[in-house]
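To start, the structure itself, in structure tokens.
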Amino acid sequence: MIIRDAVGSDIPAILDIYNDAALNTTSIWNDGAVSLQNRERWWQDRRDQDLPVLVATGEGGTVDGYAAFGPFRPHDGYRFTVENSVYVRDGARGQGVGRGLMDVLIERARLGGFRVMVAAIESGNTPSIALHRRCGFVQTGHMPQVGLKFGRWLDLVLMQRALA
Ligand SMILES: CC(C)(COP(=O)(O)OP(=O)(O)OC[C@H]1O[C@@H](n2cnc3c(N)ncnc32)[C@H](O)[C@@H]1OP(=O)(O)O)[C@@H](O)C(=O)NCCC(=O)NCCS
């Protein structure tokens, strides 16, 4: 597995992973798919802010997953806190890809001078909660029924990890 910064030609693979998660899981609380332009704008926006978008590639250079972080909240006082996202394609899960991405992402955040990384996870997402716990995150919040998807109210678990 190789972990590296995403380049423009990775965006279609990132789009596929994102849309699969959006359409089939409760990990993204959107109801529909997004366009290639949407993900290109998102990637460009992260680059403009000097924030990382990482991909993990496997056999033959296939993109198996990606991870990124961005501002937790827009107000000045939160500028040392970031919120992460991590997605592994169906078929590549449970093989250490998420862990590999998170280890590099955390190091990038530390080197960037950030102090805390936050993860906001649907409470039933056992793999993501396990991954984040494995990466040193602790649960610091549980917000009942703040989301609605697939006709169900969803709870949000907040986890965080100190970076300093
Ligand atoms: C959550 C996700 C990113 C985890 O990535 P992954 O590559 O499958 O996870 P890894 O193989 O690196 O596993 C990391 C740790 O989590 C644990 N874990 C992974 N899947 C698990 C599962 N289904 N049940 C319990 N624990 C699990 C592993 O045991 C591992 O710990 P270990 O090192 O002690 O064995 C991946 O399942 C995914 O993309 N899911 C859909 C999208 C999503 O939910 N993203 C997160 C949004 S908050």
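Would you mind stating whether TRP29 is within 16 Å of the ligand (Cβ to nearest atom) and assigned to a loop (DSSP other than H, G, I, E, B)?
So TRP29 passes the test.
Quick test of your reading of the structure: TYR87 fulfils all but one of (1) under 17 Å from ARG47 (Cα atoms); (2) aromatic (Phe, Trp, Tyr); (3) near the ligand (Cβ under 8 Å from one of its atoms). Name the failing condition by number.
(1)
Please go through the stretch 95-116 and give me each residue that is assigned to a loop (DSSP other than H, G, I, E, B) and either buried (at least 17 other Cβ atoms within 10 Å of the Cβ) or acidic (Asp, Glu) (or both), ordered by number.
PHE114 - this is the single residue of the stretch 95-116 that is assigned to a loop (DSSP other than H, G, I, E, B) and either buried (at least 17 other Cβ atoms within 10 Å of the Cβ) or acidic (Asp, Glu) (or both).
Check the stretch 131-154 and report whether any residue there is closer than 15 Å to ILE28 by Cβ, within 17 Å of the chain's Cα centre (by Cα) and within 11 Å of the ligand (Cβ to nearest atom).
No, because not a single residue in the stretch 131-154 is closer than 15 Å to ILE28 by Cβ, within 17 Å of the chain's Cα centre (by Cα) and within 11 Å of the ligand (Cβ to nearest atom).
Is it the case that some residue within the stretch 6-26 is of a type in the set (Ser, Thr, Tyr), more than 20 Å from PHE137 (Cβ to Cβ) and in a helix (DSSP H, G or I)?
Within the stretch 6-26 (the criterion being of a type in the set (Ser, Thr, Tyr), more than 20 Å from PHE137 (Cβ to Cβ) and in a helix (DSSP H, G or I)), the answer is yes, since at least one residue qualifies.
Quick test for you: out of GLY61, GLY91, GLY96, pick the one residue that is within 25 Å of ALA162 (Cβ to Cβ) and of a type outside the set (Phe, Trp, Tyr).
On inspection, the qualifying residue turns out to be GLY96.
Would you mind stating whether LEU131 is aliphatic (A, V, I, L, M), modelled with pLDDT of 95 or more, under 22 Å from SER9 (Cβ atoms) and assigned to a helix (DSSP H, G or I)?
The answer is no for LEU131.
Can you tell me which residue among ALA119, ALA67, ALA92 is in contact with a strand residue (DSSP E or B) (Cβ under 8 Å, 6 or more places away or on another chain), within 12 Å of the ligand (Cβ to nearest atom), farther than 20 Å from LEU23 by Cα and not in a helix (DSSP H, G or I)?
ALA119
Applying the selection to the stretch 1-58, what residues are farther than 27 Å from LYS149 by Cα, in contact with a Phe, Trp or Tyr (Cβ under 9 Å, 6 or more places away or on another chain) and among the acidic types (Asp, Glu)?
ASP10
The values are calculated or read from the model by the stated rules, or taken from the named source; none is laboratory data. Everything numeric in this text was worked out from a predicted model, so none of it was measured. All Cβ positions, even for glycine, are placed from backbone atoms using ideal geometry, and neighbour counts span all protein chains on display.
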